[in-house]
1. Any idea which residue in the stretch 315-334 is surrounded by the most Cβ atoms within 10 Å (Cβ to Cβ), counting only those that are of a type outside the set (Gly, Ala, Ser) and closer than 23 Å to Cys493 by Cβ?
2. Can you name the condition, by its number, that Ser518 falls short on among (1) outside any loop (DSSP other than H, G, I, E, B); (2) crowded, with 22+ Cβ neighbours inside 10 Å?
3. Looking at Met16, Met1, Met55, which one is at pLDDT 95 or above and assigned to a loop (DSSP other than H, G, I, E, B)?
4. Return the residues of the stretch 316-365 that are of a type in the set (Ser, Thr, Tyr), in a helix (DSSP H, G or I) and touching a strand residue (DSSP E or B) at 6+ places or on another chain (Cβ under 6 Å); say none if nothing qualifies.
5. Looking at the stretch 220-253, which of the residues that are among the charged types (D, E, K, R) and in contact (Cβ under 8 Å) with a residue 12 or more places away in the chain is surrounded by the most Cβ atoms within 10 Å (Cβ to Cβ)?
6. Sort out which residues of the stretch 280-327 are in contact (Cβ under 8 Å) with a residue 40 or more places away in the chain, of a type in the set (Phe, Trp, Tyr) and under 16 Å from Met133 (Cβ atoms), and write them in order of number.
7. Just to verify a result, which residue in the stretch 254-283, among those that are aliphatic (A, V, I, L, M) and more than 23 Å from Gly99 (Cβ to Cβ), is surrounded by the most Cβ atoms within 10 Å (Cβ to Cβ)?
8. What do you reckon, is Phe210 of a type in the set (Phe, Trp, Tyr) and free of Cβ contacts under 8 Å to residues at least 40 places away in the same chain?
Amino acid sequence: MRNDNFCVNSLRVLAMDEINTANSGHPGIALGAAPILYSLYSKVLKVTPKAEKHMLRDRFVLSAGHGSAILYATLHACGFSFSSDDLKSFRTLNSRCPGHPEVTKDNAVDATTGPLGQGVANAVGMAIAEKHMAAIFNKPEYKLFDNYTYCLVGDGCLMEGVANEALSLAGTLKLNKLIVIYDYNKVTLDGKLENTNKQNTKLVFKGYGFNVLEVKDGNNVDKIVSALNKAKQSNKPTLIIVNSVIGYGSSLAGSNKSHGAPLGEEETEKLKAKLGITQEPFELNDKAKELFASFSNRYDEVNAEFEERLQTYKKNYPADYKILNTYLENSFADCDKFLQGLENKKSSTRNAGGEVLNVLAENYPYLIGGCADVVSSTKAQIYSSNFNETSAGRNILFGIREFAMSCIANGMALYGGLTPFVSTFMSFADYLKGGIRLSALSGLRVLYVLTHDSVMVGQDGPTHQPVEQLPMFRSQPNTYVFRPADFKETCACYACAVNLNAPSVLSLSRQDLEPIESDYEKAKKGAYVVKEEGKKLDVILIATGSEVQTALDVAKELEDGGKGVRVVSMPCMEIFDEQPDSYKEKVVDKKVLTFAIELSSDLSFYKYISNGEVIGLNTFGKSAMPTDVLKELKLDTKSIVSKIKKYLK
């Protein structure tokens with residue numbers, strides 16, 4: 001047996017050990033795609049176990065994340081930081097080998113994947129980031145950034161709409177350092193691929209602007225490596241179709257039954273015999289250990305190349321090297337000095353957000369992003385050249401691809417050195433929710449600028465009037481939702497957002513808002529008293545965004561009736577909840593009659609109210625003038641005052 005085949009089969013058996021011990025996993029892809037993983041890590045990828053997160057490394061995204069077992073087995077065998085004990089804990093509590101790959105600072109996984117198709121878009125984001133960083137830092141005579149992004153996809157990934165959104169953009173942008181490897185086994189979980197998809201994938205990808213290659217024998221390592229190296233010579237992104245067999249070597253080979261159920265010990269022993277592999281569970285035999293250990297020389301050479309490249313760059317371009325380090329630090333810690341003193345003025349918070357974004361962009365060159373073809377409406381644009389026209393540009397035209405846009409932003413954040421923002425209307429948040437969820441799960445700083453944030457959109461009607469989106473995002477772990485009440489609060493919200501290691505949803509108004517007595521520093525605590533009560537405290541009104549002014553108007557009418565009213569602006573619940581109890585109790589006293597006012601579903605605020613009511617929406621909006629919509633929904637000042645007075649009798 002050839003050495004390459006022996007190594008591939010050893011990996012197959014090792015992956016089966018993981019799945020059998022966990023009694024859970026996906027043997028089909030592990031057996032079928034093992035030659036692809038082996039070819040990449042042993043012969044092609046420029047990566048090194050000595051610096052698993054090296055900035056200059058090639059990236060690999062397992063978009064078909066259910067194949068995690070073969071990824072962990074490959075990383076372990078090649079000397080990366082996955083031990084045999086890690087493999088033994090596959091799919092168990094707090095394991096470094098979870099059921100689907102999860103990126104951390106201390107592992108060699110480049111992206112959190114599992115929801116099919118999103119990994120493809122992550123890879124597109126990484127390729128965009130590489131192209132941008134190369135344009136900023138490379139010199140005509142010296143390449144610093146020169147890495148490739150490889151992505152392994154399956155039939156399911158390519159059926160998901162998000163993958164096709166991202167791939168069409170990749171072709172448009174000519175991301176030639178993106179190489180997509182298609183594990184073409186013609187089987188999905190429920191049966192044969194032809195039952196659900198008969199497209200000509202070659203023609204589809206050529207239509208996207210891809211170079212297309214094919215490997216007829218998915219077990220031929222030489223052919224796979226040759227195709228990978230050929231792809232690196234293309235001036236277009238490349239798709240490599242690798243014809244594989246799901247469940248290869250097992251009695252379920254070629255069947256959907258091998259997709260997601262462990263083979264079991266008896267079947268695995270038959271597999272070992274067929275593949276000619278004799279080794280103890282989770283233990284490569286001596287021959288395999290020797291072969292995999294020989295790859296360390298290649299990894300050492302890669303590591304030495306990276307370090308030499310960096311040191312030469314530092315010596316020859318010291319000023320650029322210093323700037324590079326600011327990118328790698330990616331810090332906005334001192335942004336208050338640029339934002340705190342901006343004039344508070346009448347403005348929609350979408351316009352305010354556009355101004356603030358550009359103040360940040362002027363001072364932090366690693367802020368980059370764009371919009372899903374509505375930049376004239378959302379104002380989320382860096383006023384410089386477009387990336388689509390020049391790779392050094394920082395404004396990306398994503399086209400009408402909301403879901404892909406969010407996942408591409410995740411890939412850019414995962415690449416390192418950049419803080420991405422993306423933007424569309426709040427009512428379209430459902431289109432990119434899956435991407436935001438993985439931003440949160442991965443701990444990625446991505447700014448989601450979502451405008452037209454309420455029924456005050458008016459005549460565009462309920463299709464464009466968000467109702468349920470705010471509580472949807474507030475229910476998601478590790479996600480910060482900001483809804484500022486005026487220009488100054490918008491500044492404070494951005495200052496918080498760019499300093500989080502988590503995604504932020506910036507919910508911004510279409511309509512102009514008058515300045516209130518806002519406080520920049522207090523707004524950064526998530527909530528604060530924007531209007532104190534008089535001598536007594538009868539009622540607390542909590543509001544966000546445009547409804548803070550409504551709350552102030554309601555408070556005036558109640559005070560004219562002799563009541564003491566405190567108004568609390570709450571631009572970010574999540575940050576407020578992180579404050580000390582002593583502060584929170586000073587702002588919101590739960591013993592006092594309390595009302596929350598927000599033009600969205602009422603689910604978010606009940607944790608702050610022990611007696612009182614949430615005055616919000618439990619219906620869709622209406623197509624009419626904004627003031628008429630408020631009256632119809634009984635969310636105008638007069639209706640809210642009337643509702644509160646019933647509690648005060």
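1. Phe332
2. Among (1) outside any loop (DSSP other than H, G, I, E, B); (2) crowded, with 22+ Cβ neighbours inside 10 Å, the lone unmet condition for Ser518 is (1).
3. Values: Met16 fails: assigned to a loop (DSSP other than H, G, I, E, B); Met1 fails: at pLDDT 95 or above.
Result: Met55 is the single residue among Met16, Met1, Met55 that is at pLDDT 95 or above and assigned to a loop (DSSP other than H, G, I, E, B).
4. Our first condition is that a residue be of a type in the set (Ser, Thr, Tyr); within the stretch 316-365, this holds for 317, 321, 326-327, 331, 347-349, 364.
Remaining after also requiring in a helix (DSSP H, G or I): 321, 326-327, 349.
Thr349 - this is the single residue of the stretch 316-365 that is of a type in the set (Ser, Thr, Tyr), in a helix (DSSP H, G or I) and touching a strand residue (DSSP E or B) at 6+ places or on another chain (Cβ under 6 Å).
5. Step one: list which residues in the stretch 220-253 are among the charged types (D, E, K, R), which gives 222-223, 230, 232, 236.
With in contact (Cβ under 8 Å) with a residue 12 or more places away in the chain added as a condition, the list becomes 222, 230, 232, 236.
Values: Asp222: 13, Lys230: 14, Lys232: 12, Lys236: 19.
Result: Lys236.
6. Passing the criteria: Phe306, Tyr313, Tyr317, Tyr327.
7. Looking only at the stretch 254-283, we keep the residues that are aliphatic (A, V, I, L, M), and these are 261, 263, 271, 273, 275, 277.
Add one more test, that the residue is more than 23 Å from Gly99 (Cβ to Cβ), and what stays is 273, 275, 277.
Numbers: Ala273: 11, Leu275: 20, Ile277: 22.
Of everything passing the filter in the stretch 254-283, Ile277 is surrounded by the most Cβ atoms within 10 Å (Cβ to Cβ).
8. Details: of a type in the set (Phe, Trp, Tyr): yes; free of Cβ contacts under 8 Å to residues at least 40 places away in the same chain: no.
No: the conditions fail for Phe210.
The values are calculated or read from the model by the stated rules, or taken from the named source; none is laboratory data. All values derive from a computational prediction rather than experimental measurement. As a convention, Cβ positions derive from the backbone with ideal geometry for all residues, glycine included, and neighbour counts pool all protein chains shown.
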